[in-house]
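I have placed the structure first, in the form of structure tokens, so that the comments after it can refer back to it.
The values are calculated or read from the model by the stated rules, or taken from the named source; none is laboratory data. Quick caveat, the model's predicted, so the values are computed rather than measured. Neighbour counts run over all protein chains shown; Cβ positions are idealised from the backbone, glycine included. For accessibility, only protein heavy atoms count, side chains too; no ligands or nucleic acids. Shrake-Rupley method; radii C 1.70, N 1.55, O 1.52, S 1.80 Å.
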Amino acid sequence: MMRVRPEFFSWSRQNRECYGANLPETDRHRLDAALMKELFGARMRSWKREVDGNKRIPLRELNRWNEAILPLVGIGEDCFYLNEWLGSNKTILDFSTLRDYDEDDYGYQENARKRDDSSYASKPYRGSLYLTWARLFVDWKFTYATLSMAAGYLISRLEEMATDIIEMNISHRYVPGKSHGKAKGENFQWDMRLAADGQEGLLEELQYRVFEYIHARYDVLLTDWDRANKRGVYWVDTSEPQERNTHFIFTDKQALSAVRFRSFVRDCRAIERGTDELNDAVTEEETKVKAFITQQHRELLQTFDPKIKRLRRRRKILIHKDAFEDFK
């Protein structure tokens, strides 16, 4: 910072946080260059150059970078940084609690659904955090965090399990379609298709039924956990050999109201709950989804007619050529 904005250290904490949350683009480039040189010497001059050169940035160095920059871009006691889009002209400083952010984002998503589908019926807010990424210091140790509602966490576990069970029943893979990778202006098309040795129709029908089941369970679980009103958070350690990771799983919207960004760790500890009840809920839901998939697969083997296809709208997915440039 002395090389880029030396007066930074004479500012109040409030002004420093405001600067970090709204880092000017010119200062960002200069800071990147200075920090790159300080951390890595001449080996790397910029993230963009490494990405453009198709070089894999070592995880250890990526972690060093994220840890070094966190005190500038994070806020509060833990240097909390929410690694998500917060909306146009908004920063984390515009939200006091997790619920303030989450409810604002939920409203945005609901409005988008209404624009896309005029018949869409809005649902009440019950908390909507789902695999939201953050970075912070926990007991002064740099940590990657994932934030989810309990219902969302359960669904993520069900989706993983369902994928494995379906693969066990119908072996398949994804292969590039005829349009995959084709340039469309500044975008390229994503077109991966299922290949299942002639069982593609049966596989797609099974996947559709499982998707509908999990989608319905998600809505039920959101309501059940919201009504239970446990007002707590579970800490699940998901660390890997080279990095610390923690999944913070919130029971309901009242728990989100109790956690402020500026005192995230302290507030979470005040409402922390044991993970046994969460693990019991995971086991119960996994048992149900396994039974459902087994039953549906058995039924399809007996009744599925490949000549009858469910009408579905195939979406065209376009990805901007620079979409992953700042993914770090």
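Answer yes if at least one residue in region 84-95 is more than 30 Å from Ala291 (Cα to Cα), of a type in the set (Gly, Ala, Ser) and open to solvent by less than 10 Å² (accessible area, probe 1.4 Å), and no otherwise. No, region 84-95 contains no residue that is more than 30 Å from Ala291 (Cα to Cα), of a type in the set (Gly, Ala, Ser) and open to solvent by less than 10 Å² (accessible area, probe 1.4 Å). Pairing each residue of region 63-90 that is more than 24 Å from Tyr130 (Cβ to Cβ) with any residue that is aromatic (Phe, Trp, Tyr) and open to solvent by 10 Å² or more (accessible area, probe 1.4 Å), provided the two are 6+ apart or on different chains, yields C-beta distances under 6 Å for Glu67/Phe142. Looking only at residues of region 1-27 that are under 26 Å from the mean Cα position of the chain (by Cα) and surrounded by 14 or more Cβ atoms within 10 Å (Cβ to Cβ), we find that the one that is farthest from Leu62 (Cα to Cα) is Cys18. The residue list Gly185, Gly177 contains one member that is on the phi > 0 side of the Ramachandran plot, surrounded by fewer than 16 Cβ atoms within 10 Å (Cβ to Cβ) and at pLDDT below 95, which is Gly185. In region 110-132 there is at least one residue matching the filter, namely being of a type in the set (A, V, I, L, M, F, W, C), within 30 Å of Leu194 (Cβ to Cβ) and assigned to a loop (DSSP other than H, G, I, E, B). Per the conditions (1) within 14 Å of the chain's Cα centre (by Cα); (2) in a strand (DSSP E or B), the sole criterion not satisfied by Phe142 is (1). Filtering region 96-114 to residues that are in contact (Cβ under 8 Å) with a residue 24 or more places away in the chain and open to solvent by 40 Å² or more (accessible area, probe 1.4 Å) leaves Ser96, Arg99, Glu103.
All conditions but one from (1) among the hydroxyl-bearing types (Ser, Thr, Tyr); (2) buried (at least 17 other Cβ atoms within 10 Å of the Cβ); (3) under 17 Å from Ala134 (Cα atoms) apply to Thr251; the one that does not is (3).
Test Leu206 against the criterion of being modelled with pLDDT under 80, in contact with a helix residue (DSSP H, G or I) (Cβ under 7 Å, 6 or more places away or on another chain), over 27 Å from His247 (Cα atoms) and of a type in the set (A, V, I, L, M, F, W, C), and give yes or no. So Leu206 fails the test.
Quick one: Phe137 ticks every box in (1) open to solvent by 20 Å² or more (accessible area, probe 1.4 Å); (2) out of contact with any Gly (no Cβ under 9 Å at 6 or more places or on another chain); (3) in a strand (DSSP E or B) bar one, so which box is it? In the conditions (1) open to solvent by 20 Å² or more (accessible area, probe 1.4 Å); (2) out of contact with any Gly (no Cβ under 9 Å at 6 or more places or on another chain); (3) in a strand (DSSP E or B), Phe137 misses (2) alone. Taken as a whole, region 34-44 holds no residue that is among the basic types (Lys, Arg), assigned to a helix (DSSP H, G or I) and buried (at least 16 other Cβ atoms within 10 Å of the Cβ). Just so you know, in region 45-62 the residues that are of a type in the set (A, V, I, L, M) and either within 17 Å of Arg135 (Cβ to Cβ) or part of a loop (DSSP other than H, G, I, E, B) (or both) include one that is modelled with the highest pLDDT, and it is Leu62.
Does region 82-94 include one or more residues that are closer than 21 Å to Asp32 by Cβ, in a loop (DSSP other than H, G, I, E, B), modelled with pLDDT of 95 or more and touching a Phe, Trp or Tyr at 6+ places or on another chain (Cβ under 8 Å)? No, region 82-94 contains no residue that is closer than 21 Å to Asp32 by Cβ, in a loop (DSSP other than H, G, I, E, B), modelled with pLDDT of 95 or more and touching a Phe, Trp or Tyr at 6+ places or on another chain (Cβ under 8 Å). Considering only residues of region 254-289 that are charged (D, E, K, R) and either at positive phi or touching a helix residue (DSSP H, G or I) at 6+ places or on another chain (Cβ under 6 Å) (or both), which is most open to solvent (accessible area, probe 1.4 Å)? Per the stated criteria, the residue is Arg260. For region 213-235, check the following and say yes or no: at least one residue is open to solvent by 30 Å² or more (accessible area, probe 1.4 Å), aromatic (Phe, Trp, Tyr) and under 19 Å from Thr97 (Cα atoms). Yes, there is a match, as at least one residue in region 213-235 is open to solvent by 30 Å² or more (accessible area, probe 1.4 Å), aromatic (Phe, Trp, Tyr) and under 19 Å from Thr97 (Cα atoms).
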